[in-house]
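See structure below.
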Amino acid sequence: MKNSTKVVKKGWLLILLLTILQQPVAGQLQKGKGYPKKAYESDLLQHFAAPPGGYGNVPFYWWNGDSLRKERLQEQLDILSSSAVDGFAVSYIHTSPRIDTLENRDGYGLYGMTEPGVPHVFSDKWWEVWNWFSGEAGRRGLGAGLDDYTVGWNGNGYYPDELDTVAVFRDYSGELVIRVDSIRGGETYNALQPENLLTVVVWPGKIVLTDSVTDGRIRWRAPGKGISRIYTITTAPGYVIHPEHGNKLLDVYFNRFEERMDDAGRAGMNYFFQDELAYPIHMLTWSDDFSEEFIRRKGYDIVPYLPALKEPIGPVTPRVRMDYCEVLMDLSEERYYKPIYQWHADRGLMYGCDNLSRGKDPTAYIDYFRAMSWFTAPGNDAPARGSSFLETKISSSIAHLYSRPRTWLEAFHSMGWGSSGAWLTDQIDHHFVAGGNLVCMHGLYYSTHGGWWEWAPPDFHFRMPYWPHMKRWLDYTERMSFILSQGSHVCDIALVYPTETIQAYPGTKPDGVFDLALKLSNSGLDFDFVDFRSLRDASIEERELRMADERYKVLILADMEAMHHSSLTRALAFYRAGGIVLATGRLPRATSAKGEKDPEVEAILRELFGLTAAEVAAGKPAKKQVNAAGGVGWYIPEAPERQVAGLITPDFQPGPDGGKVLHRRVGNKDIYMVKDVEKGSECFFRATGRVELWDAHSGTA
């Protein structure tokens, strides 16, 4: 039978539908700690009540404010190991360029020079303390890793700057410089040939002038009467996508932790964190072999089309930009992200992140979704007293689609010392239901220097007067982190993440997509953001789009003005196989097949939605399309979230005032977390079995 239940109070509700229990299993070792295990399914309630290692709090441990002393560190380790703390990401603050003028007078990275602490981070004395600390943490079952906040920023004098001195990176062509000149028909262009010339090309017409250089000068007479744009493209040094970038970074950073530590120290190693990644990839990034790699992967020479990266050159522009970004991301993955990810994955370590834009700019790092997929625990912060629900939803979607074990949640910096347990519980639940499941409480201070030192307060740990109660609260977050990490996420809706629209049309805002995401969630309709690669590789079975462990019944395009052609054809295949494809906002007017004005794209849109992008812009009304296979294609100009329940039986239906849900399936058990549903509401769950209410505060059912 289907199930409905009364909500006993407003807030969160954890419901378990289950049948069979099996035998318990032993705990985890440090390697692989915090990685979900199928064996936990055998006695889920027992593990929920007393989670295995790896699901507790992993705070940022700020080693500033006073000189490091082993006695104080050991005392703090003893205090923290008696609570639901599983490890640390040790962090260093930055100075203020406005106040600390001497430290920053010669320049600095990102927000300011590192405050290096005593002993100075990465000094010989520091390595001795670090090795000892990691070993002591490991002996207590805790992990120790470094948060690269400030030390990982170019310009602060640490390993990123050391990479600038690596011999293989010298004289490597890593940037494009595009100069634009305009002349009228009948005029002659005459310019000195610049150094490091890649090409000179004229648009319109794609006229390549590089072979016409004589006596060190570029000469060309413009035909006709129109305006010609002459693009002189040169290269500049850089190594962002050099084939050895990732490996060399391992040499100057991560490998040194193994080289400078003994066996005991290495046994405690875990929880490295990437904070505000300073990886300067952008729309003019290049490499010595980019042209050859592009031809191999895309089948045409991009060099004469490079002006499209600077400004529109005609209908082909969106195609060129999307193709360029795809190849650029391919190379950055292969040469930078993947070696670093593999270093952590091979060792069974958690590698988290909180990087620039937190996903609200889909083109951060060219393709935020793909870039963040190379962390074992993709994540984000939840600053101050605001909400990072969307950012956490993006992070958890990446984890779902790329089979990453956890979603890191950095909570809650810069809110001041007036935090309360009630507020913290509401906020942590708000982010749990978005898919966060590795809690990192931002504030843990080595010292407050007698009350005179703080950083983005508060410290949520033993410096709080309510520490005994906070320990109970951390037990609660540990149980929630455990149960919401097991099994597989379940939802019905795939919402296309709008990377390609912004790549093709820079300046486009993703607001329509994110607004719809919030409306879906507030209506009790869970979803995942999906990227083009996951959609391209999806299988279609039983009217479902299958990506990793996800099974989607509905695909939604919101304001997708441009798409990879493979995404659009996959949507069409899904519709033809009986799937449901909805669209709202702008329809695609360009794909990576030919760019704009492609008759094939218009034909696909007519079959899917009964109208084209131009017809939507002109205000033509839409009608729901239904094919012989039962597929539904429907352009809905407003409130598509209101139509979902008429197309499928939703996995969850809250009361009339809405509410949020997160559903995970662990073996033959269905776990629902429900939030923001009014007391007394009757809710529907698309599941069968015996219903139990599990209490994460007490660990009981």
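Assuming charge only on the beta carbon of Lys and Arg (+1) and of Asp and Glu (-1), the dipole of the range 215-255 about its Cα centre is about 580 debye to the nearest 20.
From least to most packed, judged by other beta carbons within 10 angstrom and beginning with the fewest, T499, T363 follow the order T363, T499. Shape summary: the range 330-421 maps onto an equivalent ellipsoid whose semi-axes, from the alpha-carbon gyration tensor, are 25, 15, 11 Å in decreasing order. When you count the other C-beta atoms within 10 angstrom of each residue and take the mean per peptide, 573-580, 651-658 line up highest first as 573-580, 651-658.
Relative protection proxy for 624-631, 455-462, 480-487, from highest mean packing down: 480-487, 455-462, 624-631 (other beta-carbon atoms within 10 angstrom). Report note on the peptides 280-286, 236-242: ranked by the mean count of other C-beta atoms within 10 Å, highest first, their order is 236-242, 280-286. For the range 102-143, the set of trypsin sites (Lys or Arg not before Pro) satisfying both a DSSP loop assignment and a count of at most 11 other C-beta atoms within 10 Å is given as R105. The calculated 222 nm mean residue ellipticity attributable to helices in the chain amounts to -8000 deg cm²/dmol, summing -39500 (n - 2.57) over DSSP H runs of n ≥ 4 and dividing by all residues. Using alpha carbons only, how many angstrom separate the centre of the range 636-701 from the centre of the range 316-393? Each part reduced to its Cα centre gives a spacing of 30 Å. Derived value for the range 194-258: Kirkwood hydrodynamic radius 15.3 Å. Basis is the mean of 1/r over every pair of different alpha-carbon atoms. Compactness of the range 230-321, taken as the C-alpha radius of gyration over 2.2 N^0.38 Å, stands at 1.59. Among the chymotrypsin sites (Phe, Trp or Tyr not before Pro) in the range 388-427, those placed in a DSSP loop whose Cβ has at most 16 other Cβ atoms within 10 Å are W417.
Pairs K393/K509; K31/K509; K624/K660: which are spaced more than 30 Å apart, C-alpha to C-alpha? With Cα atoms farther than 30 Å apart: K31/K509. Look at the alpha carbon pairs under 8 Å that are at least 6 residues apart: their mean separation over the length of the chain gives a relative contact order of 18 percent. Cross-link pairs exceeding 23 Å between alpha carbons, from the set K298/K597; K553/K679; K33/K338: K553/K679.
Listing F532, F273 from fewest to most neighbouring C-beta atoms within 10 Å gives F532, F273. Each Lys and Arg contributes +1 and each Asp and Glu -1, all at the Cβ; summed about the Cα centre of the range 168-237, the dipole is approximately 340 debye.
Pair-distance distribution P(r) for the range 492-646, from all Cα-Cα distances in 5 Å bins starting at 0: 2, 10, 21, 24, 24, 15, 4, 1, 0 percent. Distance between the 7 Å Cα→Cβ label points at D106 and D695: 6.1 nm. Give the longest segment of the chain that steers clear of GluC sites (Glu not before Pro) in DSSP loops with at most 11 neighbouring Cβ atoms within 10 Å, not counting the sites themselves. Counting at most 11 other Cβ atoms within 10 Å as exposed, the longest clean stretch of the chain is 196-541.
When the Cα gyration tensor is reduced to axis lengths a ≥ b ≥ c, the ratio a/c is 1.5 or higher for the chain, and with a/b not above b/c it is classed as oblate. Placing a label point 7 Å from the Cα of K38 along the Cα-to-Cβ line, the residues of the range 470-497 whose backbone N sits under 13 Å from it are 487-488. Counted over the chain, the DSSP beta bridges are approximately 60% antiparallel. Cβ-to-Cβ counts within 10 Å put V677, V208, V316 in ascending order as V208, V316, V677, the fewest first. On the beta carbon distance between A191 and E292, with R0 = 30 Å, the FRET formula returns roughly 0.60. Around the Cα centre of the chain, unit charges on the Cβ atoms of Lys, Arg, Asp and Glu (plus for the first two, minus for the last two) sum to a dipole of about 1960 debye. Length gained on full extension, A264 to D181: 23.6 nm, using 0.36 nm per residue less the C-alpha separation. Applying both filters, DSSP loop and at most 12 other Cβ atoms within 10 Å, to the trypsin sites (Lys or Arg not before Pro) of the range 645-679 gives K679.
Here's the list of lysines a cross-link from K125 could span, going by alpha-carbon distance under 19 Å and ignoring same-chain residues fewer than 8 apart: K70.
Since every read-out is calculated from the coordinates, none of them should be taken as a lab result. A quick note: this is a predicted structure, and the numbers were derived from the prediction, not measured. For neighbour counting, all protein chains shown are included, and Cβ atoms are generated from backbone atoms with ideal geometry for every residue, glycine included.
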